[in-house]
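Heads up: the structure comes next, in structure tokens.
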Amino acid sequence: MIQNAKQIYYSNLLLSSENKTEVTWNIINNESVKVQNMNHTPSLFKLNNTNIHIDQAAEAFTNFFLNLVDSLKVNNVNIDTAISLLRNLYPVIFQRCYPSY
């Protein structure tokens, strides 16, 4: 929908212009600036007046979530306990879905 609106707008702009070459270049420059700005990834950002390199931030972010996952891992999960809990909490639904349990 947005692309169609742009196409109509630019077509009307070109049709009504006296210098089609200049208008064409203005459209191209306008659109290419948008693409350049969208592809720009900052290499630094500020946190509490401290410049942090984007690679350091990405590594810290990754490590935080990896450590979080490790701390949340549940060892020795007993499948029978989980099934019993579900059976006790939702007996009618559980029996319908899993009659063999």
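Taking label points 7 Å from Cα along the Cα-to-Cβ direction, residue 100 and residue 67 give a separation of 4.4 nm.
A crude spin-label estimate for the pair residue 31 and residue 54, with each label 7 Å from Cα along the Cβ direction, gives 2.5 nm.
Once the C-beta distance of residue 14 and residue 44 is scaled by a Förster radius of 41 Å, the resulting FRET efficiency is 0.50 to the nearest 0.05.
Every number here is computed from the coordinates shown, using simple stated rules; none is lab data. Keep in mind that what you see is a predicted model, and the values were worked out from it rather than measured. Cβ atoms come from the backbone with ideal geometry, glycine included; neighbour counts cover every protein chain shown.
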